[in-house]
Amino acid sequence: MDVKDKRDLCSPCQFKGKTETATKWCTECEEPFCITCSENHDAHRFSRNHHVISVEGNQLLTSLQIPLNKYCEVHDKKKDMYCSSHGEIICLTCTQTTHGKCEPAARLSDVSKSAKNSTFVTVLESNIADVIDQLIDLIRDRENNKVEIEKQKNEILEEVRSYRKCINDKLDQVESIIIEDLNGKCQTFNLKIDNIVKFLNDHLKKFDEIRKQMDILKEYASDTQTFIGAKALENTLHYNESMLTSVLELIQNINITLEVNQDIFVTCEDIKSFGDIRVNTQDTGYCNLQKNRGQCPIDHQLKLSKALEIKIPQEFFFRSIILSCVILPNKQMIFVDSHARNKRLIVLNEDGTPDRNINLTGKPFDIAVIDSNKIAISFPWCTRNRIGIINLTNNKSEPDIVFKNKCYGISYDKDRLFVVVKTEGILIMDLIGKVSACLPIEGQGIFYVHVQNDRIYCSDECNDTVQCYDMEGCSIWTFKDSNLESPRSISADD
């Protein structure tokens, strides 16, 4: 009896000295069961909720060669915690040692709950599909380039023959030279393109294999196994993408033209060549497979801890209406009080004690930090829809940026101001109001925006979502959760 046959026998029956073929596999007990033992296993209160799959399904999971039940190499304990700070699966001891200063770790069972339907797995599947689609497009583009080269080759040959009619038999020799040169260059670059296409086809197979492995995980693995496997596949995906990127940066379009030697019309005695075959290259734009990617949101509850409780100073009997706040580089905090009777900025010190108020001429909405001495404030409810720039050193205002429509959320990043303008979208401009782009990101519930690391994040309080876009306004991902209701002001860590 070989090892494979032994592995397919029911484990409890073997313990009893019996020989029964196993049909089921428990991913938590890590044992095979026959039909009878499987029914007993499912009926037991300690194991009735275990994830049980077919023996064939377990064999497919094993064939993935992905460690779905990881053990910590340092502490020799099962990895059942998740560190959101590093995006790593760790053991309980790790949370107290190497990850002791990280954000509080979450239980892997909580993070991986409903993993197959999670945003993380959905986005990962989308990323795999995107890479495959891009490779298919790139292969098609390379084949089209070959067709275009052939077309250009024929046009040049026709041009060569046309000129040849105007000269004498001396050109028989130079014609053969130019044709040989043309064919040589075409053969060389066609061979290079064939090699690139072969390389891309090889990687297409790799990514298709990743997709198949993802399908197997979703079909047979438990939620925890799916999450762990997806993390491993994500690493494999990133590794193969980096290998591709180094080659893609070298891919260029090949165009060939004929530069005619004008001296041929003067004399044929000293002509050594009909012309030169010039090759022009153009970047294809496929140098980075990850240019439209954002970080995949992991579905789990962050554990927040209260660092400071702040009491907002009240003005007379008017209660403050706080719509936004920022933290300055010097650790001071500024809160936006939009009460019609207050219309002020409340500046507090790092410990929460009052520093001063800055009175405003209109009801403010949102605030953005320009530098250590400047802030920007949006005023959507004034006679003039405007953004004001205030110098914190002397509390003086610089010239306003005026808008045709109401301006709400603002964010400042890399010398650019991002403004949510109703019925227009998100405008990108400098501090004097010169608009460089208008992104078609607009919705009834989109009022706030945050920009960081060339990604634009918006909250949609009507649809209960958080959305991520690239700098061209293309959607990267949308996050929605039953616990996320009417999200408003938004921020992000590094």
* Dipole in debye (nearest 20) - region 172-224, about Cα centre, beta carbon charges: Lys, Arg +1; Asp, Glu -1 -> 340 debye
* Structure fact -> Result for region 336-494: accessible area per residue, probe 1.4 angstrom, in square angstrom, of 48 Å²
* Point-charge dipole on Cβ atoms (K/R +1, D/E -1) for the chain, about Cα centre, debye to 20 -> 1980 debye
* Calculate I(q)/I(0) for the chain by the Debye formula, one identical point scatterer on each C-alpha and no solvent, and give its log10 at q = 0.06, 0.09, 0.11 Å⁻¹ to two decimals. => -0.50, -0.88, -1.05
* Asked: Where Rh is the Kirkwood radius over the Cα pairs of region 332-411, the temperature 20 °C and the viscosity 1.002 mPa s, what D in µm²/s does Stokes-Einstein return?
  -> 167 µm²/s
* Asked: Taking only the alpha carbons of region 369-464, what extent do you get along each of the three principal axes, in Å, biggest first?
  -> 41, 34, 24
* Asked: Tell me, how many Å apart are the Cα centres for region 198-237 and for region 82-121?
  -> 21 Å
* Which value, in debye to the nearest 20, gives the size of the charge dipole of region 7-135 about its Cα centre, when Lys and Arg are +1 and Asp and Glu are -1 at the Cβ? -> 460 debye
* Considering the dipole of the chain built from charges on the beta carbon (Lys and Arg +1, Asp and Glu -1) around the Cα centre, which of Leu250, Thr95, Ala22 is farthest to its positive end? -> Thr95
* To do: Would you kindly calculate the translational diffusion coefficient of region 14-137, applying Stokes-Einstein with the Kirkwood radius from alpha carbon pairs, for 10 °C and a viscosity of 1.306 mPa s, and quote it in µm² s⁻¹ without decimals?
  => 90 µm²/s
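Mind listing which trypsin sites (Lys or Arg not before Pro) in region 371-475 are in a DSSP loop and have 11 or fewer other Cβ atoms within 10 Å? Write out the running numbers ahead of the final one.
On the way: sites: Lys374, Arg384, Arg386, Lys396, Lys404, Lys406, Lys414, Arg416, Lys422, Lys434, Arg455; in loops: Arg384, Lys404, Lys406, Lys414, Lys422, Lys434.
Within region 371-475, the qualifying trypsin sites (Lys or Arg not before Pro) (loop, at most 11 other Cβ atoms within 10 Å) are Arg384, Lys404, Lys414, Lys434.
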* To do: Any of Lys231/Lys422; Lys165/Lys198; Lys212/Lys414; Lys146/Lys414; Lys78/Lys218; Lys374/Lys404 with alpha carbons more than 30 Å apart? Name them for me.
  => Lys231/Lys422; Lys165/Lys198; Lys212/Lys414; Lys146/Lys414
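The values are calculated or read from the model by the stated rules, or taken from the named source; none is laboratory data. For clarity, every value in this text was computed on a predicted model and none was experimentally measured. A quick note on method: Cβ atoms are made from the backbone with ideal geometry, for glycine too, and the neighbour counts reach across all protein chains shown. Side chains included, ligands, DNA and RNA excluded: accessible areas come from the protein's heavy atoms. Shrake-Rupley method; radii C 1.70, N 1.55, O 1.52, S 1.80 Å.
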